[in-house]
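Remarks on the structure that follows.
Any read-out appearing in this document is the output of simple, stated calculations on the displayed coordinates, not a laboratory observation. Treat the numbers as computed from the prediction; the structure is a model and nothing was measured. We place every Cβ from the backbone using ideal geometry, glycine too, and count neighbours over all the protein chains shown.
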Amino acid sequence: MRRRLSIALFLLGSAALVLAGCAGGGPGGLSSPRGATRYERLLATPPPQLLPVPVEGVGAAKLVDTWGDGREGGRGHQGIDIFARRGTPVRSTTEGVITAKALRGLGGRIVDITGPGGYRHYYAHLEDWAAQKEGDWVAPGEVIGYVGDSGNAAWKGTHLHYCIYTPAGEAIDPYPYLTGKPGRR
């Protein structure tokens with residue numbers, strides 16, 4: 001009994017130390033000597049107004065604004081579809097933290113990255129993921145996955161569905177940020 005109590009107290013104390021080390025540190029306890037954590041600095045950084053196209057080899061001139069196009073069930077398309085060959089690398093448009101890497105219904109294989117200003121960048125219909133895990137920090141241009149047709153995209157052909165969400169969770173059209181041209185609103 002005494003040995004079990006000692007083990008329990010040791011584990012409880014270890015957990016408390018780990019949690020104390022992560023307090024305020026955001027994902028991965030990314031702290032800095034200046035007091036603000038790397039994650040806190042990311043959230044305080046204004047979001048970029050111009051972003052690179054996340055699909056390798058696809059230029060902004062090839063993009064079509066599919067924001068708001070009709071979808072089954074009467075819903076509107078919240079994002080942009082970027083068509084490319086299966087397996088084409090998908091790169092992060094910003095630095096940030098991977099907040100989700102999962103299989104999700106309509107989106108299939110997805111990666112969700114929280115970037116500057118707390119804006120979330122959502123990449124869907126991936127064929128496969130790159131090696132990062134949830135909580136990992138990514139750099140702009142880092143490969144995070146590969147174009148595919150997972151989720152509900154099989155009928156449409158291989159492409160990346162890309163969307164940006166405000167910190168409040170509102171979807172916004174990424175087309176103007178990828179092309180520098182006004183999008184449909």
- Leaving out same-chain residues fewer than 8 places away, which lysines sit with a Cα under 17 Å from that of K101? K133
- Query: Within straight cross-link reach of K62, meaning Cα distance under 17 Å, which aspartates and glutamates are found once same-chain residues fewer than 8 apart are removed?
  - Reply: D81, D173
- With label points set 7 Å from each Cα along the Cα-to-Cβ direction at V143 and A44, the distance between them in nm comes to 3.5
- Query: Which order do peptides 103-115, 50-62 fall in by mean Cβ count within 10 Å, highest first?
  - Reply: 103-115, 50-62
- Query: Expressed in nm to one decimal, what extension gain is obtained for the pair A36 and A61 from 0.36 nm per residue of sequence separation less their Cα-Cα distance?
  - Reply: 5.1 nm
- Message: Run the numbers for K156 and F83: contour at 0.36 nm per residue of separation, minus the present Cα-Cα distance, in nm.
- Response: 25.3 nm
- A student applying the Cα gyration tensor rule (rounded when a/c is under 1.5; otherwise prolate if a/b is larger than b/c, oblate if not) would label the range 96-185 oblate
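In percent, what relative contact order does the range 88-147 have, based on Cα pairs under 8 Å that are 6 or more apart in sequence? It would help to have the intermediate numbers written out before the result.
Values: 139 pairs, mean separation 26.7, N = 60.
Contact order relative to length: 45 percent.
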- Message: To the nearest 20 Debye, how big is the dipole of the range 93-170 about its Cα centre, given +1 on the beta carbon of each Lys and Arg and -1 on that of each Asp and Glu?
- Response: 180
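Sum up the charges of everything whose Cβ sits under 10 Å from the Cβ of W137, counting Lys and Arg as +1 and Asp and Glu as -1, but leave W137 out. It would help to have the intermediate numbers written out before the result.
Numbers: positive: R38; negative: E95, D136, E142.
Taking every other residue near W137 into account, the sum is -2.
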